[in-house]
Each structure stands twice: as structure tokens, then as C-alpha cells.
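The values are calculated or read from the model by the stated rules, or taken from the named source; none is laboratory data. What you see is a predicted model; the values in this text were computed from it and never measured. For neighbour counting, all protein chains shown are included, and Cβ atoms are generated from backbone atoms with ideal geometry for every residue, glycine included. These area figures cover heavy atoms from the full protein model, side chains too; ligands, DNA and RNA do not enter into them. Shrake-Rupley method; radii C 1.70, N 1.55, O 1.52, S 1.80 Å.
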Amino acid sequence: MQITSVTLKNVRRFVDPVRIDGFGPGLNVLVAPNEHGKSTFFEALHAAFFVSHRSFDKTVKALVPRVGGDPEVTVSFEADGAQWKLMKCWSSSAGRKDAKLWRDGVLVAQKAEADAMLSGLLKPPSDGGPAGLLWVRQGVVGLDSGGEEQQARRDIMTSVAGEVEAMTGGRRMEAALANCAAFLGQHLTGTGRPKRNGGLDQATTEVEALTERRDQLQADMRALQQDLERRRQVRRELAELDAPEAHHERAKALEEARETLEAARAHDRKVKDGENEIARLSAQLDSCDAQIEALDGILTEARSAHEAVEKAKAIVDERTGQNDEAQKRLERAKKVHDTARKAVERAASDLRRAMRAKEAAASATRRTELKERIAQAEKLGVRIAELRKQVGGEIAPETLGKLEELARDLSIARKSHENAAAAFSVTYCAGGEGRITSEGQPVEGGRRHPVLTGATLDLDGIGRLEISAAQADDGAVAEAEAALRTALAEAGMDNVAAARESLTRRRGIETQLRQAEADLRALAPHGLDALRTEHDALPEPVETEGDVPDVAQAEAAEMAAQDTLAEASEALEAARSAADATKDSLTRAEVDMANAENRAMRAQEALGAHQDPAKALADLRVLQQEAASALEQARQAQQARLANAPDLAAAEAAMTRAESVIKSATDTIARLREEYAGLNSRISVVSSNAVEEELALTEDQLKQAEDRLARIRFDIAVHQRLERALQAARDTARENYVAAVHRELLPLLRMIWPDAEPVIDADTGLITRITRRGEEEEFDVLSGGTQEQISLLVRLAFARILARDGRPAPVILDDAIVYTDDDRIEQMFDALTRQSQDLQVIVFSCRQRAFRALGGTALAITQAGDAA
Amino acid sequence: MADFRFIHSSDLHLGKGFGSMPEDLRGRLIEARFEVIGRLAQAARDHGASHVLIAGDLFDTTGPSAQVRRQAATAMSAASDVIWWIIPGNHDSLQGEELWAAFEDECSTNVRLLRSPEPVEMSQGVFLLPAPLPRQFPGTDLTAWMAGAETPEGALRIGLAHGGVVSFGEDFDGSALIPPDRARTARLDYLALGDWHGQLTIGERTCYSGTPERDRFKHGGRGQCLAVTIDGPGAMPQITPVQTGRFDWRAPELMLSPGMDLGAELDRLLPSDRAARRDVLVQLRAAGYLRMTERAAFEDAVRRAAPDFALFDLRDDELATEYEADDLDLIAAGGALRTAAEELRAEAQGSEVSAEDRRVAQAALNRLWSLVREG
């Protein structure tokens, strides 16, 4: 798009038509002092493109002249290869609102259609980025609402923020999202579940409660209907059962059944009598059979028992003899065993005596030994005490060490004294040796001879030489001598040599003492008292009676006696077993004989009841024949009765059934009457509760609650859908904005700062930091001039985005770089010139001198006629 | 004989709870149903009649509360100059044994419950042939017996029945349809029918009176009864509707399209007397389509008008919103808001998603417009 002319009428101070024309491609510059109307043109031009002719909001009202009138703007421009003219007139009167759009001189749209067609020409680029954002002015914030804000004179960066907001939805987007969130928050938790006590939760709870109530009432209704139906049924059944005809019918059936049953029972009694007679005769016959059989049995048993008694007697006699013999053998074995046992006891006694004698002998030997050791030890004890005493009388080694040390000190003191005194020395001539003497002794030549107090030298052949010396100080020597004397006195010694002799003696005594102590330890390792205790503990010697056998012999004799006793015990056990076995055998034989005698006695007792058993047996056989004949006759008579018998079971069943029918009818009537009363009561109660009416009401309420719940769910779905659409659009807009702006902005920035790298915040869409000369800086801390330069470059980047989309749009600047210094403004002009090579850039400014260097086409505001 | 006058009514549905209505309106509607007893009695007096025929469904259920039943019995008994002739209908059939037993106990002799299908002499020379419903779905034409029913020569024969002549919907028992010519075949001078809540004339001698107090939007206007005059046997009955209802139920339909004067259209449908609107229930069904701004204006107009009425229920499920580019300009000329709006419009007007999703998208777009408009 390229603007070619703008005409205003009734716009602020321009009541009469004014015009700017001569717009060309590239840079167009209108430089004029303040209050000249530049911003008025700017606002009017913006309104022409972006405010609907139907609007009469504060943006439009701000254009109305103080004297009144309908603002009208006419803009000519080129776009899409055609010449366009746009006229808009805003008015408070609907009839005067107008918009017209001509293309190549032909009117192509009016009013709303003109607005819509214009929107199509200005639509944003397909790959994102701003639309209609190329208006760089001091204040107006894109599509923001709020007249006061629009009127505010803002810095340029605020304008950028507003435009980015317009693109991403801005505060209205945030408000809409917040509204959605607030609405959804009334119903849902953060995770999308129904919020407790929220609208959705309450509506759901109400529906559930009403559904439950409805179901309960329906159940009550069904129960009531069932009760009503049951009551009708009970009523019918009662009518049928309780009718007099029904009672009569049941009574008649009962009487007939009773008569039939009586007849059957009478016949049945006769049958039973016959059965009893047959049973009696059968028992009589059975008794005869049994008596005959019993008598035969007794006779046979008597014979058998007698034979058994005889046989048992012979066995008892034989076993008695065997038993006597075994008892004798047992007695003999007992005697042998006693003898052997006594021999063992004697042998054991001898062995014990031998052992005691042996122990007494050993004890006596030990006693003697201990006695001797004790005596020796006691002697050693005395010797040791004596030696210890002797040791105490001699000097101790450490005392001697001290004396030796004092003697050395004295020697050293004396030597020092001598060295400090005057001295002489002699040097003999050859053959003169020994000719000088002192106190008779030749004076040794070649060495120093101290003179402590004085000296006399005899010089052979010469005379005597007296040497006198001053008294030297010998205090140290005297002190050393006193110390030595004191020590010797304390040690009880006359001199050091005596002390050394005393120590030598002491060491000899100590050697003897150690030997004596070692000997004592050998004799009494645990001490003398232990020896004495052991000695005292030994048994006193005892006297032995008679001959004491040898221990080994006693042990051998004792073992032999034990072996003999074992053999005797074994023989005794064998004899005892044999005696027990014969005794058991005899006992069993005696028991068998007793049993046989019992059998014989019982058989004899049984036979004793019959005087003549054979005759008794014959009489019984006669009776048996008579009973069998009577039984046969009785059975034939019974068969005849059974053949004509009525069915008693059937008669009884018929009687039972007839009685049951009456009882059942009676019971049923009672039960039905009770049930009828219960039903009446229940129906009355439920009916009084108006269940059906309550159900109808509840169903209506449920329907209403379901509708309400459906509306809430629908509203939730609507707000969720709206929230998704808004969030997706905002996210996409931000992403597109960041990518597109960064791509186009970078070369422009580097015209000013060669290594500049912008950081664009994805959330706000604004440049938050910029890196220059390797240093990163927050945008907010940049100077005002730098901020506005970056913001202008952002606009130029927008223009490039549009141009790349094939929709080049004019960049219109209204005093956009007021804070930029003269040096930097040259670079900004370079950037503008670079962009204006394929874009139209329109600059309004009051800085006449600075913008003279911008070049481009100079514009001017001129008066125009209405025909424009 | 002199002419015979009576009031024909039916379907009072006493005890109906109106649970689907707002709480504050529910009580008024219930009260209006009860008051109609007095208005029927007054209609009888106004018409010079001493008989009121209730052709079924005096009660809404067979189990109304004791309060409803007792107060109805009391009100009818109190109108002692009127004899009430009542048959049970499908809602309050004779299966409601407790209801009718108690009701009869509570009524005076001027209230006559007709339990059996046999002629009853209402007045000298005037016989009533009732067809009470023994149960909710009788499964047979209960008026069939009337054709064979004998009445004295020269007597008036008036039938009283409850049920459909044509099928009125799923609640009706098709096997129990009353033949439209029953009045002729049964030699009836008039057949008073109930069950249909609107007033309906089946023939010269056969009418549904409709409910005297409306209870739904299906039958518009206020409830009525019929004042009937029969000059004598064979004479054509003179039937006059008498308004008895208090509440006016209206369910107008409004077909909308862009450019209409919405305020005028709405005014045309609604009663001009604002004071009378308090007793008017409106269920307005709006269909067609509107531009986004028009729809908002329409909804505003409805919101303004609604508080005048006892109930104003706007049903706009079938009202679509049409969005033009400049409509979306009102939301945003560009940017993310515009993108979101266009996405919602595409979904609302597209065919890729379900009808419900389209409806949601349309409502979301309207909501967005409202949010933007409210700022």
C-alpha cells in the first residue's frame, strides 16, 4: 500500500478542508512546528483505516471540532495494483455515518461493505506479525479501549507494548481468559473435576438427590399399586372362600369321607384279628419246635461233658508230677547261689583291707619327708634373716656413688686452686737433671710446679731458693672438703676407700642371701605354712589286725568269686523259669477240668426237670402236629377276608383331604382377612402421604434440575472451548511474533550496533534485553533515546514483515524519535532510508533542523476544496 | 319442558405441583387451580345453571394430599346451589379407591361421584350417562354401553366421558378411543368430553371443554369452560365458552432474520398492558438467524422485558448467529483475539464437527463478544 493524498474536513482545528498530497514512494517528510496539525492528520489517517464508520466512540469524538460537525477523512492510496480512494464520515446521527471505497475511480463498496473491504486490504500477514501496527506516534495504543489512555502522551515503547498487546490480545485477552477461568473456577477444580459445593456439583447433587427421591417414590407407587391389586385379589378370594355354598360343599365332602372311612376301619379290624390268630398259632408251633430242639441238645451236652471231665483229670495228674520235680530243682539252685554270693562278700572285704593298708604306708612316708623339709626350711629362714641384717650394715651403692661424686668435686676444686696459684718450672741442662730438689725430692723438669703458699728449692751446688707466694683463695676447695666430710659422716665411713670396701662386702653378702632364698623356695614353693598344713592333714598311722593280704591277690580272688556268683545266678534263673512253666501248665489243666465239671453239672441240672426225658420228647412231637394243622386253617380264613377288604388308605386319604380342605379354607380365610386388614392399613397410610402427587412434583423438579444441570454443563463446555481458542491463538501469536520480528529486526539493529543481538520475551512479545559489544543489558535500563530507536526499528521490522507478505504498508511516524541525539539520528535516518527503498515511510516531525538531513519528499498541508 | 342449562368442564388436575416452575411461581399456579372451583360455580350462576359436569381428571393423581382433596370437597360442597357431577378420568381413575372413598365422605350431597356406567337422572327428564374410568388405561371404549342404555321416552340424554376421540399422544389409550359419532349412535343430546386440555369441538353435540385453568404451553391463552343450554330433546345444544382461567399461557414463535426491527417484533408478540403481564407465562421460541450484534440486542430486549412476566422462557436453540467480517472486527480487527474469534466462527459454521460442538463454538463466540463488549 502506498498513500498518495489525505484530505480532512471537520477534523479538530480543520473545519474547512485541508489536504496533504504529493506523497511519493519511499521517504515522505512533513516537518512543521508544533500546533501545526501534524498529529491531527496522523490520528485522522489512523481512524480512516482502523475505525468503523459506524463507531462514534471516544476515538472518533476526539476528532470532532469544537464547533461541531461530522469528521470526514478522504485518503487516496495504491494497493494491489489499483488506485483506491477511501472516504469515511463519522457522526452521532446514524443517517450521516458513511463510508465509501472507490477502486480505479469506481465506487465498489459503501458503509459496512466498505469497512469490510478495507479490513481485507489491511489484514495481517499470513505468517504472523502485526497488522496496522506501523503507526508510530506518541501515545495511541493500537486497539486499546479507554479514551484517557489514548489521549495520553506516552513514550514510544509503551506504544510498542500496546501494539504487541493488540496482537496477542492484550488486556482484553487476559480479561477474557480470566473471566473464563473465574467462571470455570466456580464449577471445576484445577484438575477439571467438579468443585465441591460449586455450581456443577450442587446441580449434580440436586439431580442425584431428586433421582433418588423419584426412584423411591416410584418404588412406593409400585408398592402401593401392588397393594391395591393384591387387595382386590384378596377381596375376590375371600368372597369365594367365605360364601355359604362353599362352606356347605366342604362339610358334605367331609361327611361322606368319614362314613367310607368307618366301614373300611371295621373290616380292617377283622383282618387284624385274623392276623393275630395266625400269629398266636405260629408262636405255639414255634414253641413246640424249640422245646424239642432244646431237649435234644441237653442230652447231647450231658454226654459230651462227662467225657471231657475224664480227660481233664488225667492231664492234671500228669502236670502235678512235673511241677513237683521243677520245684526241687529250683531249691537246689537257690542254695548254690547263696554260697557264691557269700564268697563274693568275703573277697570284697579282703580287698578293702588290703587297699587301706597300702594307703597308710604311703601316708607315713610322706609325713617323714615333710618333716625333714620343714626343718631345713626353718634353718634357711634363720640364715636369711641374718644375712639381711648384715646387708643393712654395709654402705648402699647409691651412697657410695654420692661420695665418689663429692670426691671428684673436691679434686676438681683443688686442681682449679693449683692452676690459679703461682708456679715455676725447671729446665735442666744436660747433665743437670735432678740437681734441684725440694724437700729432698728432685724436682722434675719440663713441667709446671704450682706454689700455693711457698716453696723451698735446694739447688745442688748452688744453694737454696726460697719462693714466697701470696695466699690464693681456696674457698671452693674448703667447701668441697666440708661436703665430703659431711657425707662420709652420714655414711658412717672414714673415707672413700673404706666406703668402697664396705660396698664390696655388701655385694658378697647379697649373693649369699639370694642363694638362701632360692633354696627356701625349692624346699617350700608355696611357703613354709603350706608344708606344715600338708603335714598336719596327713592321716595318723593305724594299726592293722591279722594278716593283711596283698592287694593284687585280693583283687584276683574277688574277681573269681564274682564269676562264680554270675554262673549261680544264671542257673537259678533257669530253674525258676522252668518251675513257673510247669506251674502254669498245671493251672491251665486244673481250669480245664473245672470247666468240664461245670458243663457236666449244668447238663445234669437241665435233665433234672424231666422225670423221663424220652417221654417228654415224644409228647412234644404230638403237640407240634396239632399246632401245625390249626395254623393252616387260620391262614385260609384270613386269605378270604383280605380278598374282600376295602382300601383303607384311600379312605383315610380322602378323609384327610376333606379335613384339610376345610382347615385350609378356614386358615386361608383367617389369613386373607388379616392380610386384607394389613393392606387397608398400609394403603391408607401411603395414600395419606400423597405419594403419587409427590412423585409428579418430584418428576417435574427433576426435569427442571436436569435442564439446569445441562445448561451448566453447556456453559462449562462453552467457556472451556473459548478458553482453549483464546490460549491457542495467544500462544501462536506470540510464537509468530517472536520469530518474525527477530528475523527482520536483526539487520536493522546491526546497522546501529554491529554485533547487537536482541532477546524477545515469548510471553510479553517485547524486547527484554539486548547484547551489544559482548555485554547484555536490560531494555529497561537503556537510555530513553536507545529505547525509542529500538522501538522504531521494531516498526520498520513490522513493515518488512508486511512487505515480505506482499502487502507493503506505509510506516507513519509522528515525532517518533524525539530523544535521539544528532549523531545517532543519522544512523536512524540510514535505517529509514534503507527501509524506504521498497516501502513508503511518512515522517511527521517538529524538529526542523534535525530532519533536514533525512531527505525524501517534502510534504505540506494545504487548503483544499470540498470537491476533494 | 324448559331448557336445561349446565356447565361443562374437565381436567382441573387439582394437586398438580408444577415442579418444573420456579419456586415463587409454583404456589401461584397451584392456588389458581384451586380457585377455579369457585369460578366454575360462578359461571354456573351466571349462566343460570345449577349443574356442573366434570368430565374426568378432577385430581391430578389418584393419590393427592389430604389437604388438596379435603379443600376441593369443601369448596364444592360450599357451592350448595350447584350440583357437581363428577366422573374419574385416567389421572384419577377408580383405582384410587382411597381417594374417592375419602372424597365422598368429605363432600355434601351436592357433589355426586359417578362410579358406575348407568343412567342417572340429573333432573326431571334429564338423564346423565357417565363413563367413569375404572383404571388409568381401560383398554376399551367406555361409552359403548350408552348406545344400548334405555331412558324414558322424551328424556334428555347427556353423555359424560373422558378419553380421546383421536389419539392425543403417547399417554392416550388408543384401544379406548371414543367414536366421534358416539352422540349420534347413543342418541345423546350432548356428549361432554374431558382429557384434551384445549377446547375442541368434535361435532355439533360433542365437545371437549378444555381445562378451566391452563397448565402448559401446548394450549395457549386462558382456561375456559363451556356453558351449555339445551332447549329440549333433540334440540341442538347452544354452547358458549366462558373464560375461567387466571393465567395466560403463551408460546409464540418468532422467526428472525438480519435487519428486522427486533424491538417491534418482540412488542408485537407480547401483551401491551404491562400490568396484566404479571399473570402471563411466555415461552418464546426464537428461530432463524441474526447477526452477532443483533443477537446481543435481541437478548438485551428479552432481558429487559422478562421481569414483567410470571415466566419468560426464551428457547433459542434454533436461533443461529451469522458472523460477518465486520462482526468479528467488533471483537478485534487483528491479533490473537481475532484469530480465536475466527477459529470459533469456522467451527460454528463448519461441518467438520458435531452439531453440538458447532453449538458450543457459536455460544463461545457469542460469549467472547459479550466479554469484549463488557470490557
For this session: Check whether at least one residue in segment B:359-375 is loosely packed, with under 15 Cβ neighbours inside 10 Å, within 16 Å of A:ALA176 (Cα to Cα), without any contact (Cβ under 8 Å) to a residue 60 or more places away in the chain and among the small types (Gly, Ala, Ser), and report yes or no.
Result: yes
Exercise. Can you pull out the residues in segment A:766-825 that are over 20 Å from A:GLN848 (Cα atoms) and aromatic (Phe, Trp, Tyr)?
Worked result: A:PHE779, A:PHE798
Seminar exercise, completed: A careful count of residues in segment B:324-344 that are in contact with a strand residue (DSSP E or B) (Cβ under 9 Å, 6 or more places away or on another chain) and not in a loop (DSSP other than H, G, I, E, B) gives 1
Exercise. Consider A:TYR676 against the criteria (1) touching a residue at least 60 places away in the same chain (Cβ under 8 Å); (2) closer than 21 Å to A:ALA209 by Cβ: it satisfies all of them except one. Which criterion is unmet?
Worked result: (2)
Seminar exercise, completed: Within segment A:98-127, the residues that are in contact (Cβ under 8 Å) with a residue 40 or more places away in the chain and either open to solvent by less than 30 Å² (accessible area, probe 1.4 Å) or away from chain B (no Cβ under 14 Å) (or both) are A:ASP98, A:ALA99, A:ALA112, A:ALA114, A:ASP115, A:LEU118, A:LEU121, A:PRO125
Exercise. For segment A:689-720, what are the residues that are facing chain B (nearest Cβ under 8 Å), within 27 Å of A:GLN186 (Cβ to Cβ), in contact (Cβ under 8 Å) with a residue 24 or more places away in the chain and hydrophobic (A, V, I, L, M, F, W, C)?
Worked result: A:LEU702
Seminar exercise, completed: Across (1) on the phi < 0 side of the Ramachandran plot; (2) open to solvent by 40 Å² or more (accessible area, probe 1.4 Å); (3) touching a helix residue (DSSP H, G or I) at 6+ places or on another chain (Cβ under 9 Å), A:ASP80 clears everything bar (1)
Exercise. Out of all the residues in segment A:523-565, which are closer than 30 Å to A:THR339 by Cβ and among the aliphatic types (A, V, I, L, M)?
Worked result: A:VAL548, A:VAL551, A:ALA552, A:ALA554, A:ALA556, A:ALA557, A:MET559, A:ALA560, A:ALA561, A:LEU565
Problem set entry | Leading residue by the ranking (nearest to the other protein chains (Cβ to nearest Cβ)) among those in segment B:322-375 that are basic (Lys, Arg) and closer than 16 Å to A:ALA175 by Cα | B:ARG367
For this session: Could you check B:ASP60 against (1) within 14 Å of another protein chain (Cβ to nearest Cβ); (2) of a type in the set (Asp, Glu); (3) touching a Ser or Thr at 6+ places or on another chain (Cβ under 9 Å) and say which number it fails?
Result: (3)
For this session: Quick one: which residue in A:ASP780, A:ASP815, A:ASP822, A:ASP838 is among the acidic types (Asp, Glu) and closer than 30 Å to A:GLY105 by Cβ?
Result: A:ASP838
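Residues checked against (1) surrounded by 12 or more Cβ atoms within 10 Å (Cβ to Cβ); (2) within 30 Å of A:SER569 (Cα to Cα):
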| position | (1), (2) |
| --- | --- |
| A:VAL336 | yes, yes |
| A:VAL344 | yes, yes |
| A:ALA348 | yes, yes |
| A:LEU351 | yes, yes |
| A:ALA354 | yes, yes |
| A:ALA360 | yes, no |
| A:ALA364 | yes, no |
| A:ILE374 | yes, no |
| A:VAL382 | no, no |
Exercise. Taking only pairs six or more apart or across chains, which ones have beta-carbon atoms under 6 Å, a first residue in segment A:393-416 that is outside the structural domain of A:GLU479 (by TED's automatic domain parsing), and a second residue that is of a type in the set (A, V, I, L, M) and not in a helix (DSSP H, G or I)?
Worked result: none
For this session: Kindly indicate which of A:ALA524, A:ALA618, A:ALA560 is open to solvent by less than 40 Å² (accessible area, probe 1.4 Å) and among the hydrophobic types (A, V, I, L, M, F, W, C).
Result: A:ALA524
Exercise. Only one of these conditions is not met by B:GLN95: (1) in a loop (DSSP other than H, G, I, E, B); (2) without any contact (Cβ under 8 Å) to a residue 40 or more places away in the chain; (3) of a type in the set (S, T, N, Q). Which number is it?
Worked result: (2)
For this session: Go through (1) exposed (fewer than 12 other Cβ atoms within 10 Å of the Cβ); (2) within 30 Å of A:ALA480 (Cβ to Cβ) and name the single condition A:LEU403 misses.
Result: (1)
Exercise. Of all residues in segment A:721-748, which are open to solvent by 50 Å² or more (accessible area, probe 1.4 Å) and either at the interface with chain B (Cβ under 8 Å from one of its Cβ atoms) or not hydrophobic (A, V, I, L, M, F, W, C) (or both)?
Worked result: A:ARG724, A:GLN727, A:ASP731, A:THR732, A:GLU735, A:ASN736, A:HIS742, A:ARG743, A:PRO747
For this session: Give B:GLY288, B:GLY263 a once-over and let me know the one that is on the phi > 0 side of the Ramachandran plot and more than 14 Å from chain A (Cβ to nearest Cβ).
Result: B:GLY288
Exercise. Could you list, in sequence order, the residues of segment B:253-293 that are open to solvent by less than 40 Å² (accessible area, probe 1.4 Å), touching a strand residue (DSSP E or B) at 6+ places or on another chain (Cβ under 9 Å) and over 19 Å from B:LEU25 (Cβ atoms)?
Worked result: B:LEU254, B:LEU256, B:LEU262, B:LEU266, B:LEU269, B:ALA286, B:ALA287, B:GLY288, B:LEU290, B:MET292
Seminar exercise, completed: Given (1) open to solvent by 50 Å² or more (accessible area, probe 1.4 Å); (2) modelled with pLDDT of 95 or more; (3) away from chain A (no Cβ under 14 Å), B:ILE83 misses just (1)
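For every residue, the table says whether it meets (1) over 15 Å from the mean Cα position of the chain (by Cα); (2) in contact (Cβ under 8 Å) with a residue 12 or more places away in the chain; (3) open to solvent by 70 Å² or more (accessible area, probe 1.4 Å); (4) over 30 Å from B:GLY15 (Cβ atoms).
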position: B:GLN199; (1), (2), (3), (4): no, yes, no, no
position: B:SER209; (1), (2), (3), (4): no, yes, no, no
position: B:PRO212; (1), (2), (3), (4): no, yes, no, no
position: B:PHE217; (1), (2), (3), (4): no, yes, no, no
position: B:VAL228; (1), (2), (3), (4): yes, yes, no, no
position: B:ALA235; (1), (2), (3), (4): yes, yes, no, yes
position: B:GLN243; (1), (2), (3), (4): no, yes, yes, no
position: B:ALA251; (1), (2), (3), (4): no, yes, no, no
Problem set entry | Pairs with Cβ under 8 Å, 6+ apart, first in segment B:9-25 and closer than 26 Å to B:GLN42 by Cα and more than 10 Å from chain A (Cβ to nearest Cβ), second open to solvent by 10 Å² or more (accessible area, probe 1.4 Å) and of a type in the set (Asp, Glu) | B:SER10/B:ASP195; B:ASP11/B:ASP195
Exercise. Would it be correct to say that A:ALA266 is at pLDDT below 90, over 30 Å from B:ARG135 (Cα atoms) and loosely packed, with under 15 Cβ neighbours inside 10 Å?
Worked result: yes
